[in-house]
Amino acid sequence: MRRSKAVTFLLGVIPGLPQIYLGYSGRGILIMALTAFYTLGVIFLAAAVGSSNFLVLLLPLPFVWLGALVDAFLLFPGRAAEPAQQLTGRTDTLQRELLILAALVPGGGQMYLGEMDRGLPLAVFFFGWLTFVGFLAAGVAGGFITLWGLLPIIWVYSFFDALEGWRARERGVGASRPGLVAELDTALLHGGRSGAVAAALSLVPGVGHMYLGQMEKGLSLLGGFLLVLFVNNLLRLNLAFVVLPLLWFYSAFDVLGELPLLAETSGPNAARFSSGNQRTVQRCLGYALVGAGLLLLADRLLVPQLDPRLVRYLQPVAVAVILMVVGVRLLLGTRVPGRAAEKGAAGRSAVEEGAAEKEPNENNSEREGGGA
């Protein structure tokens, strides 16, 4: 059937429709979907942030429209002269294009390939996380919207996993791919842990430690991280700018230090977080909770009764006193390892000398008793 260039030009108002009209359905649907997703994403972002400045990102759309129209007219002459024996090859191309289109939705590419046990968990987790974080951002605090940063990672993994499934099917081994849940169960039941996953999870303080099996240490770090955020938002202090980088760097580099031990031990390495360290962390966390409670009481009950000028001077004075107390405590609690070792060695030598002097005296007394 002959195609009209006039109809092709008129359909070019919507990117992708000319390609569908010319018989390249996969390419047309892909162009249309990408254009629609990009436009809706920019509009949603501008509405969520409440700023129209993000609408500047819509400026590339005219170039997309022009490129799609040029692509349609480049396809137009070759469409009528296409021989019938090339239809089989075009069927495979169409299937690949439809796969790419389906893979734009997390889990959709796996479902298109018939791998429901891989596609369904990805789709449920992606849209479940999207809904959960959106609920937190709308009902609790807008800062929770940063947790959407996990969504691009899930999308990229789902997209390339679908392409890997297509390549596995072309090699004839597509049916042997296990389900996503089965892979996770196998890794967890056999104690297998990935260094790359641990390093990625360490970006959130404490999560990498929990992945490595150090639950107490991970919970302490994560609890301290969230506690600092809570106190910072509640009392309107600048505490987070000092404490959060310390927690983040400590968590990240401590997990990186644990990674070489994964090749040596099959189980979780908990030796570096003993019960003594756990009690120390619990004690510090308890002090932090008591201090946060006292600060909250003072902020709600005492500060409103004071003169604003006095409050303005009290805050730096209180911070200075806290810093001095912590510094004095560190100075008093610091011991020089060399001197401690020397004192220990001197004490042991004195005990040994006393024991050596005591033995000859006992022998002499025994001889005198025998002679009598």
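The values are calculated or read from the model by the stated rules, or taken from the named source; none is laboratory data. Since the structure is predicted, the reported quantities are computational estimates derived from the model, not experimental observations. Cβ coordinates were reconstructed from backbone atoms using ideal geometry, including for glycine residues, and neighbour counts include every protein chain displayed.
Taking the conditions exactly as written (assigned to a helix (DSSP H, G or I), touching a Phe, Trp or Tyr at 6+ places or on another chain (Cβ under 6 Å) and small (Gly, Ala, Ser)), does Ala33 satisfy them or not?
No, not satisfied.
For (1) in a helix (DSSP H, G or I); (2) loosely packed, with under 15 Cβ neighbours inside 10 Å; (3) among the β-branched types (Val, Ile, Thr); (4) modelled with pLDDT under 75, each residue gets a yes or a no:
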| position | (1), (2), (3), (4) |
| --- | --- |
| Met111 | yes, no, no, no |
| Pro121 | yes, no, no, no |
| Val124 | yes, yes, yes, no |
| Trp129 | yes, no, no, no |
| Val133 | yes, no, yes, no |
| Ala138 | yes, yes, no, yes |
| Gly143 | yes, yes, no, yes |
| Trp148 | yes, yes, no, no |
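Matching residues to (1) outside the structural domain of Tyr250 (by TED's automatic domain parsing); (2) in a loop (DSSP other than H, G, I, E, B); (3) buried (at least 16 other Cβ atoms within 10 Å of the Cβ); (4) at pLDDT below 80:
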| position | (1), (2), (3), (4) |
| --- | --- |
| Ala175 | yes, no, no, yes |
| Ala182 | yes, no, no, yes |
| Val197 | yes, no, no, yes |
| Gly213 | no, yes, yes, yes |
| Glu216 | no, no, yes, yes |
| Ser220 | no, no, yes, yes |
| Leu237 | no, yes, yes, yes |
*Residue that is farthest from the chain's Cα centre (by Cα) [pool: residues in the range 60-107 that are small (Gly, Ala, Ser), closer than 17 Å to Ser25 by Cβ and at pLDDT 70 or above]*: Ala72
*Which ones in the range 21-51 are small (Gly, Ala, Ser) and at pLDDT below 80?*
Gly23, Ser25, Gly26, Gly28, Ala33, Gly41, Ala46, Ala47, Ala48, Gly50, Ser51
*Is it the case that the range 153-166 has a residue that's farther than 14 Å from Ser251 by Cα, modelled with pLDDT under 75 and not aliphatic (A, V, I, L, M)?*
no
